[in-house]
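Shown next, in structure tokens, is the structure this report addresses.
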Amino acid sequence: MNQKLKSTLACLLESFFRQHLMTQRKASPQTVSSYRDAMQLLITFASERKAKRPNQLSLEDLDRDMVLLFLDHLEQERHNSIRTRNTRLAAIHSFFRHVASKEPALMNLAGRVLGIEGKKTTTLLLGYLEKPDLDSILASPNEKTHQGRRDHTLLLFLARTGARVSEAIGVNVSDIILHSPTHVRLCGKGAKERAVPLVKDVVAAVNALIQERGIAAQPEAAVFVNSRKQRLSRFGVTHILRRAVTAAVKAKPSLGTKTISPHTLRHSQAMHLLQSGVDLVIIKSLLGHASVNTTHQYVEADLEMKRRALEKCATLETNPAPYQPTDEVLALLESL
């Protein structure tokens, strides 16, 4: 049994990633990468705990107790947040669901791991930028240089389309439609494509960048690249935004107190659409959310919308009479 489990671990890992995730689910490269990292961390942790080489581990070594120890290790030693812990657990759950479907003899082992629950987290209000703050960041790159024009176009694209970073860096020339109706094809989570309209300033900036780089006739060329002409990475986008924010802080010091990430630009676009009266279902479609419940979080974050709603509910001023106990027993309790 043990020898079978040892050989089964490698086989199941390969079938999970190559057949289940990539072929059947057509998971995005980002999803595959996230699940891979989770399993690598778990196997490395189990290898050290069991004093075995990774290729000597069996599925029995990855039991419920080991997974629980691993999750504690993520929080206590790697100082991961509860959200990251739950993300790793979700990847492990996905693998063990695959184990249960492929190897009925291992169903009990898999079931015990699947019974591990995620920890509850505090849902934080979304951070977003008001339009003057966003405009300051968009105006900060030096457009007299090629790098500055690239930076401005990228940030403008993120801010106007609400694209995820992975979607923006994945855009090729063939995905940009510059004839009417102008739009961009984005490939989101779960390999789901959607079309997002492009407004005039984005069309002008993207077209100028494509012409400047001479890639108009290269449909598979990446639109946003680094100094080595390679497709930008997530880290590269974050670096570009940080550089823009640092420059913008000089003119608008209040930006220095805010936590701003590329995803903040996505949140900002959603909030501005909501505040302009755009229906949640339309915003859901533009952002590529799987459920309108995800889009509803922007309503929760919009204080101005809540304030306007409360102002519509005018309350009558009343002068309630002071409460008087109506019974000796109640009077006794009130006096305590």
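Bear in mind that the values in this text are calculations on the coordinates, not laboratory data. Given the structure is predicted, the values throughout are model-derived calculations rather than measurements. Note that each Cβ is placed from the backbone with ideal geometry, even for glycine, and that neighbours are counted across all protein chains shown.
Some notes on this structure:
- Listed residue (Leu255, Leu138, Gly214) projecting farthest to the positive dipole end of the chain, Cβ model: Gly214
- For percent of Cα pairs over 35 Å apart, calculated from these coordinates, the label among (1) 17; (2) 33; (3) 43: (3)
- Whether region 131-310 is rounded, prolate or oblate, judged on the alpha carbon gyration tensor where a/c under 1.5 counts as rounded: oblate
- Taking all Cα pairs closer than 8 Å and separated by 6 or more residues, the relative contact order of region 131-310 comes to 25 percent.
- In order along region 15-28, the Karplus-derived 3J(HN,Hα) couplings, from 6.51 cos²θ - 1.76 cosθ + 1.60 at θ = phi - 60°, round to 5, 5, 7, 7, 8, 6, 6, 6, 8, 6, 7, 6, 5, 5 Hz, and Gly and Pro are given as x.
- For region 173-186, 3J(HN,Hα) computed residue by residue from phi via the Karplus equation (6.51, -1.76, 1.60; θ = phi - 60°) reads 4, 5, 7, 8, 9, 8, 8, 5, x, 5, 6, 10, 8, 10 Hz, glycine and proline entered as x.
- Among the trypsin sites (Lys or Arg not before Pro) in region 196-254, those placed in a DSSP loop whose Cβ has at most 14 other Cβ atoms within 10 Å are Arg228, Lys229.
- Here the Karplus relation 6.51 cos²θ - 1.76 cosθ + 1.60, evaluated at θ = phi - 60°, turns the backbone of region 64-75 into coupling constants of 4, 4, 5, 5, 5, 4, 4, 5, 5, 4, 4, 6 Hz, with x for every Gly and Pro.
- Rounded FRET efficiency, nearest 0.05, which uses the C-beta distance separating Leu332 from Ala90 and R0 of 45 Å: 0.20
- In nm, spacing of pseudo-spin labels at Ser47 and Thr238 (7 Å Cα→C-beta vector): 2.5 nm
- Theoretical FRET efficiency, 1/(1+(r/R0)^6), r = Cβ-Cβ of Ser81 and Gln19, R0 45 Å, to 0.05: 0.90
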